[in-house]
Amino acid sequence: MKTKIFLIFFMVITLISCSSPEEKKVKHMQRGLKYYNDSKYNEAIIEFKNALQITPRDGDAHYRLGLAYIKSGKIQNIQNAYKEFNQAVELNPDTMDAHLQIGNLLILSREYQKAKEKAELVIKKESENIDAHLLLGNAHAGLKNNSEAIKEVKKAIELDPKRVNSYLNLGGLYMIQQNLDAAEDAYKDALSIDGKSTRPHLALAQLYIIKKEYKKAEDEYKEAIRIEPQNPGLHIVFGKFYTSGKRFEEAEARYLDAIKLDPKNPVPQLILGDFYLLQKNEDAAIKAYQKGDEINPDILESKKRLAAYYLSKAKYDDASGYIEKLLKKSPDDLNGHFLKGRLSLAKNKISEAISEFQIVLKNEPSHTGSRYYLAQAHLLAGNPQMAKNELMEVLKITPNSTDARIALANVYLTLHSYDEAITEARKVISLQPANLYAKKILGDAYTGKRDTGNAISQYKELVRMSPDDPAGHFRLGMMHRVQKNQSEAMSEFGKALSLSPGSSHILAQIMGIMIEKGEVDRAIERANKELAASSEDSNIYNLLGKAYLVKKDEAKAVEYFNKSIELDKNNLVSYMDLGSIYARGKNYDKAVVRFEEAVKVNPNYTPAYIFLGILYDMQKKYDKAKEVYEKALKIDPDFAPAANNLAWLYAEHGGNIDVALDLAQRANEKLPEDPGVSDTLGWIYYKKNAYLKAISLLKESSEKLEGNPLVHYHLGMAYYKNGNREPAKKELNIALRLNQNFEGAEDARNALKALNK
């Protein structure tokens, strides 16, 4: 008997615990609907998903999940909602509201034709579906069919004259048509239907702002707040109205009211912070942002604003802290990666910046901010063509972006594409006639084209528009200097320096003119005067060093160059100047040290490698010379001086003659008028027994370098090997007459002996 009772009990328990999958699905759906009705949308999403795990082809569950995604208010859920509604109509084509929801999402993505098709599909099934007529009206509006749009919204009103939304839609359409009186009537009709709704008041307020009837707009906002005094959003909207009207005290009061009404919501704090930042009350703005972050650390906007603020102030450690917190909370946040990219760019971490911007663009190709800064990164990385491509993409999306056009114009300047730079600058001026950057670019482009007249015209216009900007005066001075109009140049440089005391690049021009006139002491006196204002300016000490070099006072020059380095360990020019002094004095070891220090300051500064290579060559340290030239060519494969010198070393001191020829040809392509480069290439052809090619190049070099014995020797040997006896004798004799002991003199004498037999 006990066994029987136990079996019955076991069967009951089993039946209770093993409900069918359908029953489980129903429970998940019921819980999901309850959560949805209680506005607990995240919980509803979980329940509807659980239901779909049991029955993946339940159209109603997909539809309900789509609604929950929409109601969650999260932007990232919009795409999820679109997917679920499409699943719903695929499984149950008669779910008309799912079609309408898809249509509304298509309106958001500006796919108006597809939205129109959805509305028409529903109207075909349900001719009196009000939401379908409203959707069709919105689709027509997007397609610029305003009369059809109004017709559909009026049809919706005819079907239900008591629906406020329809009148608001109608008013919006009239606003698009600039029919403000009709819009006002529509909004007032909405108000007459529901006097307790704030939406008609807000719509009327916006209309009155457009009509510049600000008192009426203010009254509408006040009425909205009278209806819903506890609604913080209304106080924020009213605050923004006061902000736009520069009624800042009243605006601040409204924002503070919003915070009092909803103290645990970070959004009013963010808006207050934005307001304070607009007022340049930066401390108050930061406190508001930090308060927002404190209220809810999971809301990322506070961190984004703080990071952006600190970036703008070059407080990179503070910015980095907030960016790290932001990406720790949300590793895939695109704005976080965008900010990290900007931070990396500011800290000159170019490859890291490029990587961050590419993460953003992979997920959001139309993110113009990332494309703009990616262009800057490519430019800094020495890839102007890639920078140009990114900026052109920005302009496809936002053709009126003056920042992007200015940046593109600057890229064209870098590429020496001056006509294109002029075109872009003029487009900016057509949008913003007072844009000073565009004027500067126009002047710089004409300067690049050597069109001095137009350049001066643009710089004069720049000075007229902004007389207190030293850049205009400086550029105008440079043009006068090109025209040898030194008095006008001095006048403009003087104005520029008075506006920017201690600016070494301006002072350099003033001193340069004085030195050209033989007034070296006056130049030194002027530099010392500027030192009184900028005693810690390393560049001014460098200029003094250069002036003393002109006076042939090398000891004083060395003193000033060393002082320049003492003030700024990164003053590349002073290292180079010191190295040059030591090299001229044949103090090669000291010269090498200074040029090596220059390389440490800027490992990508190729001229330093050239000087090092020449010094090593002079010391017969050929392997070291080859090494530094090879490094220079890794940095810049098109750096002709390094290619030329390396070719010479390969040809003369061990190396592949074919590689030497390739290097020399590359150098000659870049510097076709340089006689030294022609000499190298000619000598390599000589070594490859291509004597006619050698003679052609070496003859050209000897005409330009008449006093260089080595070039005449090279030409003489090429003539000799080609069987041109008399020209060979002539050139070899010239070489020995110029210098009896040049490298190759013994070979020249032996060749002459052979020729004289």
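The values are calculated or read from the model by the stated rules, or taken from the named source; none is laboratory data. Worth saying up front: this structure is predicted, and the values here are computed from it rather than measured. We place every Cβ from the backbone using ideal geometry, glycine too, and count neighbours over all the protein chains shown.
General remarks:
- Of residues in segment 108-120 being buried (at least 20 other Cβ atoms within 10 Å of the Cβ) and of a type outside the set (Gly, Ala, Ser), the one nearest to residue 137 (Cα to Cα): 116
- Taking helices (runs of 4 or more DSSP H) as the structural unit, those lying wholly within segment 523-600 and holding at least 3 residues that are of a type in the set (Asp, Glu) correspond to 554-567.
- Considering segment 601-610, the residues that are assigned to a helix (DSSP H, G or I) and surrounded by fewer than 21 Cβ atoms within 10 Å (Cβ to Cβ) include one that is farthest from the chain's Cα centre (by Cα), namely 610.
- For segment 702-744, the set of residues classified as among the basic types (Lys, Arg) and within 18 Å of residue 756 (Cβ to Cβ) consists of 721, 725, 729, 730, 737, listed by residue number.
- Test result for residue 127, of a type in the set (Gly, Ala, Ser), under 30 Å from residue 211 (Cβ atoms), modelled with pLDDT of 90 or more and out of contact with any Phe, Trp or Tyr (no Cβ under 8 Å at 6 or more places or on another chain): no
- If you go through segment 671-730 and keep only what is surrounded by fewer than 16 Cβ atoms within 10 Å (Cβ to Cβ), within 20 Å of residue 749 (Cα to Cα) and out of contact with any Phe, Trp or Tyr (no Cβ under 7 Å at 6 or more places or on another chain), you end up with 687, 706, 707, 723, 725, 726, 730.
Yes or no, residue by residue, for (1) farther than 24 Å from residue 116 by Cα; (2) surrounded by 15 or more Cβ atoms within 10 Å (Cβ to Cβ):
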| position | (1), (2) |
| --- | --- |
| 52 | yes, yes |
| 63 | no, yes |
| 72 | yes, yes |
| 76 | yes, no |
| 82 | no, yes |
| 90 | no, no |
| 96 | no, yes |
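- Just so you know, in segment 299-312 the residues that are aliphatic (A, V, I, L, M) and either assigned to a helix (DSSP H, G or I) or at pLDDT 95 or above (or both) include one that is nearest to residue 265 (Cα to Cα), and it is 306.
- Residues located in segment 522-558, provided they are acidic (Asp, Glu) and either free of Cβ contacts under 8 Å to residues at least 12 places away in the same chain or closer than 17 Å to residue 504 by Cα (or both): 525, 530, 536, 537, 553
- Just one of the numbered conditions (1) closer than 19 Å to residue 323 by Cα; (2) under 13 Å from the mean Cα position of the chain (by Cα); (3) among the charged types (D, E, K, R) is not true of residue 388: (1).
- Tally of residues being of a type in the set (Val, Ile, Thr) and farther than 12 Å from residue 169 by Cβ across segment 108-143: 2
- Inside segment 132-145, residues that are surrounded by fewer than 20 Cβ atoms within 10 Å (Cβ to Cβ) and in contact with a helix residue (DSSP H, G or I) (Cβ under 6 Å, 6 or more places away or on another chain) make up a count of 2.
- Number of residues in segment 272-288 that are within 21 Å of residue 244 (Cα to Cα), under 28 Å from the mean Cα position of the chain (by Cα) and either surrounded by 15 or more Cβ atoms within 10 Å (Cβ to Cβ) or not acidic (Asp, Glu) (or both) equals 10.
- Flag: residue 498 does not match the condition of being at pLDDT below 95 and not in a helix (DSSP H, G or I).
- Every test in (1) closer than 24 Å to residue 571 by Cα; (2) free of Cβ contacts under 8 Å to residues at least 24 places away in the same chain is passed by residue 498 save one, and that test is (1).
- Restricting attention to segment 87-113, the residues that are of a type in the set (S, T, N, Q), under 21 Å from residue 130 (Cα atoms) and in a helix (DSSP H, G or I) total 3.
- Of the set (1) at pLDDT 95 or above; (2) within 29 Å of residue 466 (Cα to Cα); (3) of a type in the set (D, E, K, R), all apply to residue 546 but (2).
- Positions within segment 664-694 being farther than 18 Å from residue 715 by Cβ, among the aliphatic types (A, V, I, L, M) and part of a loop (DSSP other than H, G, I, E, B), in sequence order: 671
- No other residue among 376, 358 is surrounded by 20 or more Cβ atoms within 10 Å (Cβ to Cβ), under 22 Å from residue 346 (Cα atoms) and among the polar types (S, T, N, Q) apart from 376.
- For segment 329-379, a residue qualifies if it is not in a helix (DSSP H, G or I) and not acidic (Asp, Glu), and the qualifying residues are 330, 331, 347, 348, 349, 365, 366, 367.
- When 296, 363, 348 are checked against the criterion of being within 26 Å of residue 270 (Cα to Cα), modelled with pLDDT under 95 and among the polar types (S, T, N, Q), a single residue qualifies: 296.
- Only a single item in (1) among the acidic types (Asp, Glu); (2) farther than 15 Å from residue 735 by Cα; (3) not in a helix (DSSP H, G or I) is not met by residue 658, and it is number (3).
- Of all residues in segment 392-423 being over 14 Å from residue 375 (Cβ atoms) and more than 17 Å from the chain's Cα centre (by Cα), the one that is modelled with the lowest pLDDT: 416
- Candidate set from segment 614-657 (those that are of a type in the set (Phe, Trp, Tyr) and more than 42 Å from the chain's Cα centre (by Cα)); member that is surrounded by the fewest Cβ atoms within 10 Å (Cβ to Cβ): 622
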